[in-house]
Structures are given as C-alpha cells and as structure tokens.
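The values are calculated or read from the model by the stated rules, or taken from the named source; none is laboratory data. Values in this document were obtained by computation on a predicted structure and should not be read as measured data. Because the Cβ atoms are built from the backbone with ideal geometry, glycine has one as well, and the counts that use them run over all protein chains shown.
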C-alpha cells in the first residue's frame, strides 16, 4: 500500500510560516536546509506514539495559485481536540476561513482555512454527536 509518510507545505516567508504552525498547532521545526540544498524545515507534528505524520516547510519556488481556485494538490487536515479553540488560534495568528465549520454528521466537525502563506488546510474534531 502507498500510505502517506511525509508532507510539504510551500511557503513564501519561512519565519512567518514557522510562527503560524508553531503557535496554532505547537509544531516544532528542525533545519534540514543543508540536507535539502534549499530552505527546508522539518515539521515535528507530535509524539511518535500518536497517529499522524511529520512533514516540512519548503520555500515556494513558483507563484501562489489564484485565490478562490480549486486545490491543486492535497489539503492536509489536522486533528484537534477542541475545534473552537483551534479556530481562534488560527484567526489570531493571521489565518482566514476558507470553508466554515460544518458537521460531518455522526462523525466530526470539519472546516478549512488559509494559512499565512495562502495554503488551504483543514481541522477536524471527532464528535459522534455532530449534526
């Protein structure tokens, strides 16, 4: 099977992106630029004993897609314990709403946001009572 094992988020401003993801999701970053031969920071997203994957922030080398355009790639979704707290952190740190919070009935709360670099990502709070 081809299971996802790593992700990359393309960014214009590495420090701004590190601050955003560090503040919102408490990610830690490791400088892998020498290894990659370009600005590249590994993103440690959680403890290895937890479900999930690690990834990286990579310097964007092509123009950002136009706003209100369909995603041309994958949208990463982060699991959160409290949707409303996560949304507040996103907005306080410069993110904006792309698709508001909505119920996945009987499963979870889901929504999509733009980060400070113009990328779309999702947040997901499991809740069997969501409707």
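Tell me which of these residue 64 doesn't satisfy, since it passes every other one: (1) out of contact with any helix residue (DSSP H, G or I) (no Cβ under 9 Å at 6 or more places or on another chain); (2) closer than 30 Å to residue 130 by Cβ.
Condition not satisfied by residue 64: (2).
Of the residues that sit in region 46-59 and are more than 15 Å from the chain's Cα centre (by Cα) and more than 24 Å from residue 111 (Cβ to Cβ), which one is surrounded by the fewest Cβ atoms within 10 Å (Cβ to Cβ)?
The residue in question is 49.
Of the residues that make up region 19-34, is at least one touching a helix residue (DSSP H, G or I) at 6+ places or on another chain (Cβ under 6 Å), surrounded by 15 or more Cβ atoms within 10 Å (Cβ to Cβ) and touching a residue at least 24 places away in the same chain (Cβ under 8 Å)?
Yes - at least one qualifying residue is present in region 19-34.
Which condition number does residue 75 fail, the rest of (1) under 16 Å from residue 115 (Cα atoms); (2) surrounded by fewer than 17 Cβ atoms within 10 Å (Cβ to Cβ); (3) free of Cβ contacts under 8 Å to residues at least 40 places away in the same chain being met?
(3)
Could you say whether any residue in region 96-110 is surrounded by 12 or more Cβ atoms within 10 Å (Cβ to Cβ), closer than 19 Å to residue 11 by Cβ, in contact with a strand residue (DSSP E or B) (Cβ under 7 Å, 6 or more places away or on another chain) and in contact (Cβ under 8 Å) with a residue 40 or more places away in the chain?
no
Looking at region 98-110, is at least one residue within 20 Å of residue 26 (Cα to Cα), at pLDDT 95 or above and in contact with a helix residue (DSSP H, G or I) (Cβ under 8 Å, 6 or more places away or on another chain)?
Among the residues of region 98-110, not one is within 20 Å of residue 26 (Cα to Cα), at pLDDT 95 or above and in contact with a helix residue (DSSP H, G or I) (Cβ under 8 Å, 6 or more places away or on another chain), which makes the answer no.
Just one of the numbered conditions (1) under 27 Å from residue 3 (Cβ atoms); (2) in contact (Cβ under 8 Å) with a residue 12 or more places away in the chain; (3) surrounded by 13 or more Cβ atoms within 10 Å (Cβ to Cβ) is not true of residue 38; which one?
The failed condition is (3).
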